[in-house]
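Worksheet for the structure shown next.
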Amino acid sequence: MPTPLIEPVARLIESFARLPGIGPKTAQRLTYHLLRAPDGEARTLAAALVDVRDKVVFCDQCFNISDAPLCPICRDPARDGRRLCVVEEPLDVLALERTSEFKGLYHVLHGAISPIDGVGPERLKIRELLARADDAKRAGEPFEEVILATNPTL
């Protein structure tokens with residue numbers, strides 16, 4: 001039986017449903033919200049999506065999100081370069097920064113090892129973490145403290 005949805009609406013629902021945490025019903029609600037919303041709201045969302053893809057990169061040093069080769073944290077000379085906090089995702093950096101307690105640097109792994117999902121160490125930024133530690137040691141400024149702030153799962 002053919003779907004009663006026209007192609008652009010069906011495509012948007014499918015696109016929303018592919019996002020993590022968005023099921024089919026929420027995808028439909030978001031789509032119909034945008035159909036009823038003022039034209040400017042939908043265009044603002046579309047422009048924000050394009051900007052994220054065009055202007056956001058990963059930091060060359062820590063792999064956090066950035067708008068330049070180095071993120072604001074890595075560029076900040078006031079940060080304690082002797083302390084490194086290893087996290088799974090950029091959202092973890094944001095959460096830790098909100099506490100205003102940690103003043104060191106970060107390293108974002110971009111995930112966690114999950115054999116069930118086919119994620120092994122080669123898909124994470126572990127090799128880059130080890131190279132970063134070696135580079136710091138060679139430069140005569142080794143890390144004094146490395147904090148593993150990852151989820152405590154098996």
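The values are calculated or read from the model by the stated rules, or taken from the named source; none is laboratory data. These numbers were taken from a predicted model, which means no experiment stands behind them. No Cβ is skipped: glycine too gets one built from the backbone with ideal geometry, and neighbour counts run over all protein chains shown. Areas reflect the complete protein model, heavy atoms only, side chains present, ligands, DNA and RNA absent. Shrake-Rupley method; radii C 1.70, N 1.55, O 1.52, S 1.80 Å.
So what's the angle, to the nearest 10 degrees on a 0 to 90 scale, between helix 90-99 and the longest Cα principal axis of the chain?
Relative to the chain, helix 90-99 is tipped by roughly 70 degrees.
Any idea which of 84, 8, 56 is furthest toward the positive side of the dipole for the chain, if Lys and Arg beta-carbons carry +1 and Asp and Glu beta-carbons -1?
Of the options given, the answer is 8.
Report the relative contact order of the chain, percent, no decimals, based on alpha-carbon pairs under 8 angstrom and at least 6 residues apart.
Values: 162 pairs, mean separation 26.2, N = 154.
Contact order relative to length: 17 percent.
With all distinct Cα pairs included, what does the Kirkwood hydrodynamic radius of the range 1-92 come out to in Å, to one decimal, could you say?
Across the range 1-92, the inverse of the average 1/r is 16.4 Å.
Run the helix sum for the chain: -39,500 (n - 2.57) per DSSP H stretch of 4+ residues, divided by residue count, reported at 222 nm to the nearest 500 deg cm²/dmol. Don't skip to the end; give the middle numbers.
On the way: 6 runs with 68 residues, N = 154.
For the chain, the value works out to -13500 deg cm²/dmol.
Would you work out the charge dipole size for the chain about its Cα centre, treating the Cβ of every Lys and Arg as +1 and the Cβ of every Asp and Glu as -1, and quote it to the nearest 20 debye?
With Lys and Arg at +1 and Asp and Glu at -1, about 280 debye.
Please report the antiparallel percentage of the DSSP beta bridges confined to the chain, to the nearest 5.
Within the chain, antiparallel bridges account for around 25 percent of the total.
Accessible area per residue of the chain at 1.4 Å probe, in Å²?
72
For residue 137, give me every one of the aspartates and glutamates with a C-alpha distance below 17 angstrom, ignoring sequence neighbours fewer than eight places off in its own chain.
Residue 137 reaches 80, 128, 145.
Of 40, 130, 71, whose Cα points farthest to the positive end of the dipole of the chain (charges on the beta-carbon: +1 Lys, Arg; -1 Asp, Glu; origin at the Cα centre)?
Of the listed residues, the answer is 40.
Quantify, in whole percent, the carbon and sulfur part of the accessible surface of the chain (1.4 Å probe; protein heavy atoms only). Write down the numbers at each step before the final one.
Details: 6640 of 11070 Å².
C and S atoms contribute 60 percent here.
Going by alpha carbons, how many degrees (0 to 90, nearest 10) lie between the helix axis of 7-17 and the longest principal axis of the chain?
30
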